Amino acid sequence: MRDTRPSRRHVIIGAGAAAAAFAAPALAQAAPQVVVIGGGYAGATCARFLQREGVSVTLVEPSANYISCPFSNAVIAGLRDIAQQTFTYDAIAAQGVRIARQAATKIDRDAKRVTLADATTLPYDRLVLAPGIDMNFTALPGYDQAASEILPHAWKAGPQTLLLRQQLEAMDDGGTVVISAPANPFRCPPGPYERASLIAWYLKNHKPKSKLIILDAKDAFSKQGLFTAAWKEIYGDMIEWVGLSAGGKVVEVKPREKIFVTEFGEHRADVGNVIPPQRAGRIAIDSGIADQTGWCPIDPVTFEARAQAGVHVIGDAAVAGGMPKSAFAANAQAKACAQAVAVMLRGAQAPEPKLINTCYSLVTPDYGISVAGVYAPAKGLLTDIPNAGGVSPAKAPASVRAAEASYAEGWYKTITTEVFG
Amino acid sequence: MRKIRTVTTTIGGALTALLFVSAGQAQSLRDAPPGASSCLGCHGAQPTSLPALSNLSASDIENAMEQYRSGAREATLMNRIAKGFTPEESKAIAAWLSAKK
Ligand SMILES: Cc1cc2nc3c(=O)[nH]c(=O)nc-3n(C[C@H](O)[C@H](O)[C@H](O)COP(=O)(O)OP(=O)(O)OC[C@H]3O[C@@H](n4cnc5c(N)ncnc54)[C@H](O)[C@@H]3O)c2cc1C
């Protein structure tokens with residue numbers, strides 16, 4: 001616990017700020033400006049909640065639409081249309097958030113100014129950085145942007161999702177699908193295994209002689225016991241998982257031949273999905289907010305970057321301790337961060353937050369499993385609260401798995417309404 | 001925790017908070033107790049396959065959390081989440097969520 005007793009200094013600053021806020025509508029005088037970079041689950045949520053607190057907010061986002069990764073594995077399996085993944089920024093703009101439809105290209109940390117692609121600049125009092133991830137196209141030999149047109153990553157939803165879908169549709173029955181999964185940390189820890197499950201669902205129903213191999217750079221993965229048991233029960237030996245110590249780590253790809261090279265040999269794919277190593281979105285790297293790991297360490301109470309006071313980082317780009325890189329976590333962090341920023345703009349101290357994460361995965365359209373956690377600041381990180389959280393029970397009737405699949409849908413509806421609706 | 005922060009933000013802040021409540025508006029995010037805003041990721045203004053909480057009273061929510069925590073009430077997931085909160089934290093969360101409309 002931090003010492004939350006008010007110091008004399010806080011009382012005085014707080015009084016001044018509160019009085020100013022009180023004297024005129026909203027935060028009059030020089031109204032504090034907050035700039036949010038990135039309109040995903042993290043940034044869009046944060047911008048909306050800050051605006052509702054009376055803060056003047058500009059959301060910087062180059063895309064006209066947001067295409068959601070959660071449930072995009074169902075698009076790949078042919079169970080869902082990409083339109084159900086696509087959202088506009090209209091409601092956010094209508095609410096009163098200014099939207100700059102451009103990429104941020106530079107952060108001047110001393111002048112507190114963001115430069116946009118068209119060279120205009122936005123001054124800020126506080127900056128929220130939420131650029132998500134970039135694929136690290138230098139980490140895996142043979143895998144660059146051009147290779148991803150042959151071996152899609154589909155780890156940002158959109159054309160890549162549809163490309164992988166088309167490749168699966170074009171594959172002959174009896175083909176081999178290869179997925180390579182990266183080492184930690186990466187976006188959506190259970191995501192590769194949900195994807196394998198739903199591709200297997202498609203294959204089982206349409207191309208039952210086919211096979212799916214997961215080449216993994218890890219020896220353990222999220223909800224492993226649940227996934228492994230369900231695969232066996234539902235898909236027999238269609239899915240083969242090769243972990244790190246069995247030679248699963250992919251060390252090179254040859255896109256033209258669709259070959260995955262591991263330390264132990266080569267696998268030729270008919271359809272290959274490379275989920276490569278990742279890092280924080282480029283703006284976080286270029287501005288020096290990310291450290292040498294490629295991610296942004298933060299203060300777990302204020303979400304301020306360790307590298308720069310006044311710059312808050314949320315979502316996948318942040319090092320959020322025990323919290324996974326998930327849309328649920330990004331949204332939860334965004335609200336806690338908006339609260340911290342709103343309180344700090346009034347000269348007061350941000351309260352200690354507590355955060356929740358829940359990630360559902362589908363093994364089939366009616367078979368859902370979940371992992372949850374509750375987190376609080378401890379030793380400078382957002383840390384798992386012991387004895388809380390965990391995964392769905394190993395043994396459960398089909399009704400429980402079906403309920404979790406329907407709760408996954410409910411979650412998606414609720415969160416996307418909160419963020420974009 | 002909330003009390004302390006009200007003091008920190010001083011009289012002006014406290015008055016603003018009072019005005020918000022008496023005007024019958026949604027509780028401000030600034031006053032959210034730890035953990036409360038995370039709940040909204042699943043429990044929104046409209047029910048889905050998951051319930052909305054805004055129609056429930058504070059004591060309904062508080063009791064449900066207590067029963068999830070003890071295991072008296074079964075759930076697929078809420079037992080795992082309730083165990084991460086103390087009775088006092090759950091009470092504060094319940095009050096904030098039920099005041100949110
Ligand atoms: C296949 C798959 C399935 C998933 N399933 C789930 C799930 O079921 N549940 C779950 O909770 N999570 C899931 N996730 C994870 C989830 O997608 C991410 O954790 C989430 O999107 C992170 O949100 P974010 O806002 O940090 O990043 P993003 O959602 O990626 O948003 C970042 C935004 O920033 C913008 N941006 C980047 N750079 C700039 C710049 N320089 N200037 C302006 N804007 C910029 C981008 O255009 C983008 O819109 C899944 C992910 C994948 C890949």
**Asked** Any residue in segment A:64-85 that is modelled with pLDDT of 95 or more, within 14 Å of another protein chain (Cβ to nearest Cβ), within 25 Å of the chain's Cα centre (by Cα) and part of a strand (DSSP E or B)?
**Response** no
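Kindly indicate whether any position in segment A:222-230 is modelled with pLDDT of 95 or more, in the same structural domain as A:Pro182 (by TED's automatic domain parsing) and part of a loop (DSSP other than H, G, I, E, B).
Step one: filter segment A:222-230 for residues modelled with pLDDT of 95 or more, giving A:222-230.
Next, only the ones that are in the same structural domain as A:Pro182 (by TED's automatic domain parsing) stay: A:222-230.
So of that shortlist, the ones also part of a loop (DSSP other than H, G, I, E, B) come out as A:222-223.
Yes; the residues of segment A:222-230 include at least one that is modelled with pLDDT of 95 or more, in the same structural domain as A:Pro182 (by TED's automatic domain parsing) and part of a loop (DSSP other than H, G, I, E, B).
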**Asked** Of all the strands (runs of 3 or more DSSP E) wholly in segment A:234-291, which have at least 1 residues that are surrounded by 16 or more Cβ atoms within 10 Å (Cβ to Cβ) and free of Cβ contacts under 8 Å to residues at least 60 places away in the same chain?
**Response** A:239-242, A:259-262
**Asked** Out of all the residues in segment A:346-355, which are open to solvent by 10 Å² or more (accessible area, probe 1.4 Å) and either within 13 Å of the ligand (Cβ to nearest atom) or more than 7 Å from chain B (Cβ to nearest Cβ) (or both)?
**Response** A:Gly347
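Do you know which of the residues in segment A:127-155 that are under 16 Å from A:Gly272 (Cα atoms) and touching a Gly at 6+ places or on another chain (Cβ under 9 Å) is nearest to the ligand (Cβ to nearest atom)? Give the steps one after another, and end with the answer.
So in segment A:127-155, the residues under 16 Å from A:Gly272 (Cα atoms) come out as A:140-155.
The next check asks that each one be touching a Gly at 6+ places or on another chain (Cβ under 9 Å); those that pass are A:150-152, A:155.
Numbers: A:Ile150: 19, A:Leu151: 16, A:Pro152: 11, A:Trp155: 5 Å.
The qualifying residue nearest to the ligand (Cβ to nearest atom) is A:Trp155.
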**Request:** For residues that are more than 13 Å from A:Asn273 (Cβ to Cβ) and either buried (at least 23 other Cβ atoms within 10 Å of the Cβ) or not small (Gly, Ala, Ser) (or both), tally how many sit in segment A:204-220.
**Result:** 9
**Request:** Restrict the check to segment A:45-56 and report whether at least one residue is within 9 Å of the ligand (Cβ to nearest atom), in the same structural domain as A:Val319 (by TED's automatic domain parsing) and more than 19 Å from the chain's Cα centre (by Cα).
**Result:** no
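A quick yes/no check of all residues on (1) more than 9 Å from chain B (Cβ to nearest Cβ); (2) in contact (Cβ under 8 Å) with a residue 40 or more places away in the chain; (3) not in a strand (DSSP E or B):
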site	(1), (2), (3)
A:Thr302	yes, yes, yes
A:Ala309	yes, no, no
A:Met344	yes, yes, yes
A:Asn357	no, no, no
A:Ser361	yes, yes, no
A:Tyr375	no, yes, no
A:Thr383	yes, yes, no
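Determine whether A:Leu203 is over 28 Å from A:Pro397 (Cβ atoms) and at pLDDT 95 or above. Steps first, please.
Working: over 28 Å from A:Pro397 (Cβ atoms): no; at pLDDT 95 or above: yes.
Judged against the criteria, A:Leu203 is not a match.
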**Prompt:** If you check every pair at least six apart or on different chains, which have Cβ atoms under 7 Å apart with a residue in segment A:128-151 that is more than 30 Å from A:Val34 (Cα to Cα) first and a residue that is within 15 Å of the ligand (Cβ to nearest atom) and open to solvent by 40 Å² or more (accessible area, probe 1.4 Å) second?
**Reply:** A:Ala139/A:Pro277; A:Leu140/A:Pro277
**Item:** Single unsatisfied condition, A:Gln84 versus (1) touching a strand residue (DSSP E or B) at 6+ places or on another chain (Cβ under 6 Å); (2) more than 9 Å from the ligand (Cβ to nearest atom); (3) polar (S, T, N, Q)
**Value:** (1)
**Prompt:** For residues in segment A:58-73 being among the small types (Gly, Ala, Ser) and open to solvent by less than 10 Å² (accessible area, probe 1.4 Å), which is farthest from the ligand (Cβ to nearest atom)?
**Reply:** A:Ser68
**Request:** Take A:Asn331 and decide whether it is facing chain B (nearest Cβ under 9 Å) and more than 25 Å from A:Thr228 (Cβ to Cβ).
**Result:** yes
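In the set A:Ala405, A:Ala327, which member is among the aliphatic types (A, V, I, L, M) and farther than 15 Å from A:Cys188 by Cα?
Details: A:Ala327 fails: farther than 15 Å from A:Cys188 by Cα.
The conditions single out A:Ala405.
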**Complete:** Conditions (1) more than 17 Å from the chain's Cα centre (by Cα); (2) open to solvent by 30 Å² or more (accessible area, probe 1.4 Å); (3) more than 9 Å from the ligand (Cβ to nearest atom) -> A:Ile107 fails only (2)
**Prompt:** Hey, does segment A:387-405 have a residue that's more than 9 Å from every other protein chain (Cβ to nearest Cβ), of a type in the set (Ser, Thr, Tyr) and either open to solvent by less than 50 Å² (accessible area, probe 1.4 Å) or over 22 Å from B:Tyr68 (Cα atoms) (or both)?
**Reply:** no
**Identity of the residue in segment A:221-233, surrounded by fewer than 16 Cβ atoms within 10 Å (Cβ to Cβ) and of a type in the set (D, E, K, R), that ends up nearest to A:Ser180 (Cα to Cα)** = A:Lys232
**Prompt:** What are the residues in segment B:45-101 that are among the acidic types (Asp, Glu) and in a helix (DSSP H, G or I), if any?
**Reply:** B:Asp60, B:Glu62, B:Glu66, B:Glu88, B:Glu89
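Being assigned to a helix (DSSP H, G or I), touching a strand residue (DSSP E or B) at 6+ places or on another chain (Cβ under 8 Å) and within 15 Å of the ligand (Cβ to nearest atom) narrows it down to one residue among A:Ala336, A:Ala330; which is it? Spell out the reasoning first.
On the way: A:Ala330 fails: touching a strand residue (DSSP E or B) at 6+ places or on another chain (Cβ under 8 Å).
Result: A:Ala336 is the single residue among A:Ala336, A:Ala330 that is assigned to a helix (DSSP H, G or I), touching a strand residue (DSSP E or B) at 6+ places or on another chain (Cβ under 8 Å) and within 15 Å of the ligand (Cβ to nearest atom).
The values are calculated or read from the model by the stated rules, or taken from the named source; none is laboratory data. Everything numeric here is computed off the predicted structure, so don't read it as measured data. Virtual Cβ from ideal backbone geometry, glycine too; neighbours counted across all protein chains shown. These accessible areas exclude ligands, DNA and RNA; they are computed on the full protein's heavy atoms, side chains included. Shrake-Rupley method; radii C 1.70, N 1.55, O 1.52, S 1.80 Å.
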